[in-house]
Amino acid sequence: MLLGRVAGTLVASRKEETLEGLKFLVVRQLDVDNEDTGGYVVAADAVGAGVGEVVLYATGSSARQTVLTHNRPCDAVIMAIVDTWEVGGTEVWHK
Amino acid sequence: MLLGRVAGTLVASRKEETLEGLKFLVVRQLDVDNEDTGGYVVAADAVGAGVGEVVLYATGSSARQTVLTHNRPCDAVIMAIVDTWEVGGTEVWHK
Amino acid sequence: MLLGRVAGTLVASRKEETLEGLKFLVVRQLDVDNEDTGGYVVAADAVGAGVGEVVLYATGSSARQTVLTHNRPCDAVIMAIVDTWEVGGTEVWHK
Amino acid sequence: MLLGRVAGTLVASRKEETLEGLKFLVVRQLDVDNEDTGGYVVAADAVGAGVGEVVLYATGSSARQTVLTHNRPCDAVIMAIVDTWEVGGTEVWHK
Amino acid sequence: MLLGRVAGTLVASRKEETLEGLKFLVVRQLDVDNEDTGGYVVAADAVGAGVGEVVLYATGSSARQTVLTHNRPCDAVIMAIVDTWEVGGTEVWHK
């Protein structure tokens, strides 16, 4: 999984049928120091994340292992909202 | 998923049999600011996207979770046409 | 899928048994302007491609969705020979 | 698999239900000379790794092939703690 | 698949149970000109490769399609030892 910050929302009305009802969020990738890496992903939201929240997202076939994304053409999912992480004994982020 | 703009079309008459009927599009990857990243992918089209349209595409095994691509040797699919996305409260793209 | 040009051949007599009979080709990756990217892949050939031909290749689990590669430890397959592609209304490549 | 050093821990109380009980670790990627590459991953821990330990981690669908991660939306797992590795006849790391 | 040269060995006594008996090798990635790319992978050995040998390795779910790695949390496998490859009609490597 990688760390990300929810940066915004995306609307797509014309899409593969099975994607109906999924919420897509634009997620900027973060490094372990909570800095933007410049990378991003558009992920389905499985946990009710809001804009600005720090999240974990999974990609590839693992992104289809949630109730919402099962068997759907979706390769990235937000599967957790991060409360806190620490590196080298120092807290980097606290919600 | 990643954002892309359909840049063109591709024709391949000699191919694995199961790919018969699939439409291949050349897609330039976009970043969250709607700029070309320099990356690209050739994707199967599951939603009837046209040249110039902004789309979402999925890669890997998730690209086989559409009716058109199921069980086919296809690792990228356009599964949605993007209407709009916003980042930081500002609309970046509107169809 | 990505675009590639078949650059050469590879022989491996000692290999996982199920790979017996597969033809391996060295493929240089191309960008949408038909230029070498510097990347490459060694791919199984599912379509009878020859050295110098421009091809499409699929990677990951999708590379196992051909008759030849099914259930084999193979993560890249040439699944089509490209006749032509165009970008922005201009033909970039014609076989 | 890639080499990594466990750099810290991560807590996420709101997450996909099936992830309950999984321990998430922040892992910095190492190269073969035991230097940080700058890359990282947040991985589930399948072997009881501690902060500071050098580990092997698997990504993608292979990350779901442990008892702990089976069928879960998890794309990275620590599946071994490294005792030692050598390159060119020289021991690079010894636990 | 990618080309690699076996650079060394790795020992991990504490690991996911199903990995018992697998031999892990440190593999430096090669480009088509037989030069180190700087990349590497730790791969399971399915063909009895030795240090110094030039090999092909597969990654992702395809790495689990060998008898040794089936259903194991392993995302890279050496599935062939390379005898020779040629590029542009010139032999780059001969065992």
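The values are calculated or read from the model by the stated rules, or taken from the named source; none is laboratory data. Model, not experiment: these values are computed from the prediction. Using ideal geometry, Cβ is built from the backbone for each residue, glycine included, and neighbour counts are taken over all protein chains shown. Heavy atoms of the whole protein, side chains included, go into the accessibility calculation; ligands, DNA and RNA do not. Shrake-Rupley method; radii C 1.70, N 1.55, O 1.52, S 1.80 Å.
A few points about this structure:
- Hz values of 3J(HN,Hα) by residue in the stretch E:68-77 - Karplus curve (6.51, -1.76, 1.60), Gly and Pro given as x: 6, 9, 3, 6, 9, x, 10, 10, 8, 9
- Neighbour-limited loop hits for GluC sites (Glu not before Pro), the stretch A:7-93 (at most 12 other Cβ within 10 Å; DSSP other than H, G, I, E, B): A:E20, A:E35
- Hull shadow area, averaged, the protein assembly as shown [alpha-carbon convex hull, nm²]: 20.4
- The calculated FRET efficiency for B:V67 paired with C:V51, based on their beta-carbon distance and R0 = 35 Å, is about 0.45.
- Take C:V51: with every protein chain present and a 1.4 Å probe, its accessible area is about 90 Å².
- Around C:A46: net Lys/Arg minus Asp/Glu count, Cβ-Cβ under 10 Å: -1
- Largest accessible area first, the residues E:D45, C:D36, E:D31 order themselves as C:D36, E:D31, E:D45 under a 1.4 Å probe with ligands, DNA and RNA left out.
- Within the listed set B:V67, B:V47, B:V26, the Gaussian network model of chain B (springs between alpha-carbon atoms below 10 Å) gives the highest mean-square fluctuation for B:V67.
- With DNA, RNA and ligands ignored, accessible area of D:T59 (1.4 Å probe; Å², nearest 10): 60
- Interface burial for C against E (accessible surface, 1.4 Å probe, total of both chains, Å², rounded to 100): 2300
- Sequentially through the stretch E:79-94, phi angles give Karplus couplings (6.51, -1.76, 1.60; θ = phi - 60°) of 10, 7, 9, 7, 7, 6, 9, 10, 9, x, x, 10, 6, 8, 9, 9 Hz, Gly and Pro residues having no value and appearing as x.
- With 27 Å as the limit on Cα-Cα distance, the pairs of D:K23/D:K95; B:K95/C:K95; C:K23/C:K95 that go past it are B:K95/C:K95.
- Percentage relative contact order, chain B, counting C-alpha pairs under 8 Å, at least six apart: 27
- Rounded, prolate or oblate (a/c below 1.5 giving rounded, otherwise prolate when a/b exceeds b/c) for chain A by Cα gyration tensor: prolate
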